[in-house]
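Asker: Quick one: this structure, given as structure tokens, is what I'll be asking you about.
The values are calculated or read from the model by the stated rules, or taken from the named source; none is laboratory data. Computed from a prediction, not measured in an experiment: that's the story for all the values here. Every residue, glycine among them, receives a Cβ derived from its backbone with ideal geometry; neighbour counts consider all protein chains shown. Side chains are part of the model used for accessible areas, which takes the heavy atoms of the whole protein and leaves out ligands, DNA and RNA. Shrake-Rupley method; radii C 1.70, N 1.55, O 1.52, S 1.80 Å.
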Amino acid sequence: MKALKRLTILRSILADPVVKALSEAEPSEDGKGLSESEAVFLHEVYSRGIEDTLLEYVCEVLLDDENEFARQAAAGRIPSRRMTVEYADNICTVINCTMDASETYRVDIGELPQIFRGNPLEVADNLLDYYKANGYGRYRRHMAFRYADGELVPVENPVRITLKDLKDYEYEKSLILNNINGFMKGYPSLNMLLYGSKGTGKSSTIHAILNEYYDQKLRLVQIDDGSLGKINEIRALVEKIPMKWLIFIDDISLSGDDKRISQLKASLEGNIAGDFKNSIIVATSNRRHIVKETFSDRNDAVHGKDTMEEQLSLSDRFGITILFSLTDKNTYLSIVRQLAEDSKIQTETDELEAMAERWALVKGGRSPRRAKQFIEFLSSCEARQIKPEF
């Protein structure tokens, strides 16, 4: 299918193994049997199990392509007339070649997605609206990413938790949601620090919010320790991608002499790079002041007060700080009862609460995480009809 080799705007789809093999498939010179290039194409088709859905597969490749038309459309801009016509022609070429391949190699193409139906310019208009609503490329398909070697690498299996799964802590969640709502609507929004005891749902709340706003083009980049000093580089990168971004630092903890403190402070406020309007920084920590402070920091410094204030000033750079406090008995049991109802636990309430309290004692304390673990354990026991023992 030599026509595929003449693609312009959609040229990068030739990197896909199936499309590449299709573009190189040529009949044998003697017309007897399959040529080597045709055999390679069919091998790629069968190895992916798309012998009945080839057209659907190719259409997904088209939707995932990170081309300039899709990029401009996702940003809410209208591509030039010339680009639109060329893009429409490219789409038509790819679909026609796929249909020809179906007839030539007796491969079922499957159903043509509705968005690709119509004349070429109608299809281009459909895709213009689609990218504007859903984003483009890997940012359309994936919700969470990691930063590695200057690239955003998709997380294939992000946490699938919802706000309904997180019980109680309604006030804390309302503060976060209020800021996120403003952020999604384009209003000035603040960086956030969620701090408190382990297992209280800080990270889970951020993952739940990501799932809640995914359809509104909210995405997340999780920062590991090695990338902490590159936050401004990451924000500059996502600024070019027409989505809303949470720059997520999970369980942050720094020592007093860590050079990244000043880098993080600059990222949070007062950096010459300017204001990044499509991203905010969200961090979780077990400590309110993030930086691990010791008495030696105060005693060894010539200006002890200045050293202490320098360490404490990092957390002050977050515009919103939210405490996820320790779970008391009433809150813990409330969470247990709600989770038990969701999981259709059959155990009577009095016995349920008694076991939940014993679970907390054995496992080392009350928290939403402990409550969830207990309900999962009890649910498994009930499903297997065995007595819960721990």
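Asker: What is the percent carbon and sulfur in the accessible area of the range 38-195, measuring with a 1.4 Å probe over the protein chains and ignoring ligands? Provide the component values of the computation, followed by the final result.
Answerer: Numbers: 3950 of 8120 Å².
It is 49 percent, rounded to a whole number.
Asker: If I model a spin label as a point 7 Å beyond the Cα along the Cα-Cβ vector, how far apart are those points for D250 and C92 in nm?
Answerer: Going by the 7 Å Cα→Cβ label model, 4.8 nm.
Asker: Continuing with the same structure: Placing +1 at every Lys and Arg Cβ and -1 at every Asp and Glu Cβ, with all other atoms neutral, what dipole size does the chain have around its Cα centre, in debye to the nearest 20? Mind dumping the intermediate values first?
Answerer: Details: 52 positive and 62 negative charges, 260 e Å.
That gives the chain a dipole magnitude of about 1240 debye.
Asker: Return one number: the angle in degrees, 0 to 90 and rounded to the nearest 10, between the long axis of the Cα atoms of helix 304-316 and the longest principal axis of the Cα atoms of the chain.
Answerer: That works out to roughly 50 degrees.
Asker: Just to confirm the filter: which GluC sites (Glu not before Pro) across the range 147-201 are DSSP coil and have at most 14 other Cβ within 10 angstrom of their Cβ? Numbers along the way, then the final one.
Answerer: Values: sites: E151, E156, E170, E172; in loops: E156.
In loop regions of the range 147-201 (DSSP not H, G, I, E or B), the sparsely surrounded GluC sites (Glu not before Pro) are E156.
Asker: Let me cross-check K387: its accessible surface, 1.4 Å probe, with only protein heavy atoms counted, in Å² to the nearest 10?
Answerer: 150
Asker: Among S334, P79, A383, whose Cα sits farthest toward the positive end of the charge dipole of the chain (+1 at Cβ of Lys/Arg, -1 at Cβ of Asp/Glu, about the Cα centre)?
Answerer: About the Cα centre, the residue reaching furthest to the positive side is S334.
Asker: Ok, one more. Would you list, by chain and number, the aspartates and glutamates whose Cα falls below 19 Å from the Cα of K230, excluding same-chain residues fewer than 8 positions away?
Answerer: Leaving aside aspartates and glutamates fewer than 8 places away in the same chain, those within reach of K230 are D149, E151, E239, D250, D251, D257, D258, E269, D275.
Asker: Relative contact order of the chain, please, whole-number percent, based on alpha carbon pairs below 8 angstrom and at least 6 residues apart.
Answerer: Values: 541 pairs, mean separation 53.2, N = 390.
Rounded, it is 14 percent for the chain.
Asker: How large is the accessible surface of F248 in square angstrom, using a 1.4 angstrom probe and rounding to the nearest 10?
Answerer: 0
Asker: Here is a further query. Quick one: which residues, 5+ away or cross-chain, put their amide H under 5 Å from the amide H of S35? H built at 1.01 Å from N.
Answerer: Answer set, sorted by chain and number: S28.
Asker: As a test of the formula, what do you get for the chain when each DSSP H run with n ≥ 4 contributes -39,500 (n - 2.57) and the sum is divided by the residue count, at 222 nm and rounded to the nearest 500 deg cm²/dmol?
Answerer: Dividing the helical sum by the residues of the chain leaves -15500 deg cm²/dmol.
Asker: Still on this structure, please answer the following. List the GluC sites (Glu not before Pro) within the range 324-364 that fall in a DSSP loop (any state other than H, G, I, E or B) and whose Cβ has at most 11 other Cβ atoms within 10 Å. Mind dumping the intermediate values first?
Answerer: Numbers: sites: E341, E348, E351, E353, E357; in loops: E348.
Here the GluC sites (Glu not before Pro) that fit, given the DSSP loop and packing criteria, are E348.
Asker: Accessible area per residue of the chain at 1.4 Å probe, in Å²?
Answerer: Numbers: 20680 Å² over 390 residues.
Here the residues of the chain average 53 Å² of exposed surface.
Asker: Okay, next question. For K173, list the lysines whose Cα falls under 16 Å from its own Cα; do not include residues on the same chain fewer than 8 positions away.
Answerer: K164, K202
Asker: Hey, another quick one. Scan around L326 for amide H atoms under 5 Å from its own, H built in the peptide plane at 1.01 Å from N, and keep only partners 5 or more places away or cross-chain.
Answerer: Under 5 Å from the amide H of L326 lie the amide H atoms of S197, each far enough along the sequence or on another chain.
Asker: Further question: Taking the chain as the reference, fit the longest principal axis to its C-alpha atoms, fit the long axis of helix 120-134 to the helix C-alpha atoms, and give the angle between the two in degrees, 0 to 90, nearest 10.
Answerer: Helix 120-134 and the main axis of the chain meet at about 10 degrees.
Asker: Return the ratio Rg/(2.2 N^0.38 Å) for the range 110-250, where Rg is computed over Cα atoms only. Mind dumping the intermediate values first?
Answerer: Numbers: Rg = 17.3 Å, N = 141, 2.2 N^0.38 = 14.4 Å.
With N residues counted in the range 110-250, Rg over 2.2 N^0.38 Å equals 1.20.
Asker: Let me ask something else. Determine, for each peptide in 231-237, 73-79, the mean count of other beta carbons within 10 angstrom over its residues, then list the peptides with the highest first.
Answerer: Sorting 231-237, 73-79 by mean packing, highest first, produces 231-237, 73-79.
Asker: Moving on to the next point. Using Cα positions and a limit of under 21 Å, work out the lysines in reach of K132, with same-chain residues fewer than 8 apart set aside.
Answerer: Filter leaves K185, K217, K240, K244, K277.
Asker: Restricting to DSSP loop positions (anything but H, G, I, E, B) with no more than 13 other Cβ atoms inside 10 Å of their own Cβ, which trypsin sites (Lys or Arg not before Pro) remain in the range 329-375? Could you put the intermediate results ahead of the total?
Answerer: Values: sites: K329, R337, K344, R358, K363, R366, R369, R370, K372; in loops: K344, R366.
Sparse-neighbourhood loop trypsin sites (Lys or Arg not before Pro): K344.
Asker: Can you tell me what share of the DSSP beta bridges in the chain is antiparallel? A percent to the nearest 5 is fine. Don't skip to the answer; put the middle values down first.
Answerer: Values: 4 of 29 bridges.
In the chain, DSSP labels about 15 percent of beta bridges as antiparallel.
Asker: Which of G201, L175, P368 sits closest to the plus end of the dipole of the chain, meaning its Cα is farthest towards the positive end, when Lys and Arg get +1 and Asp and Glu get -1 on the C-beta?
Answerer: L175
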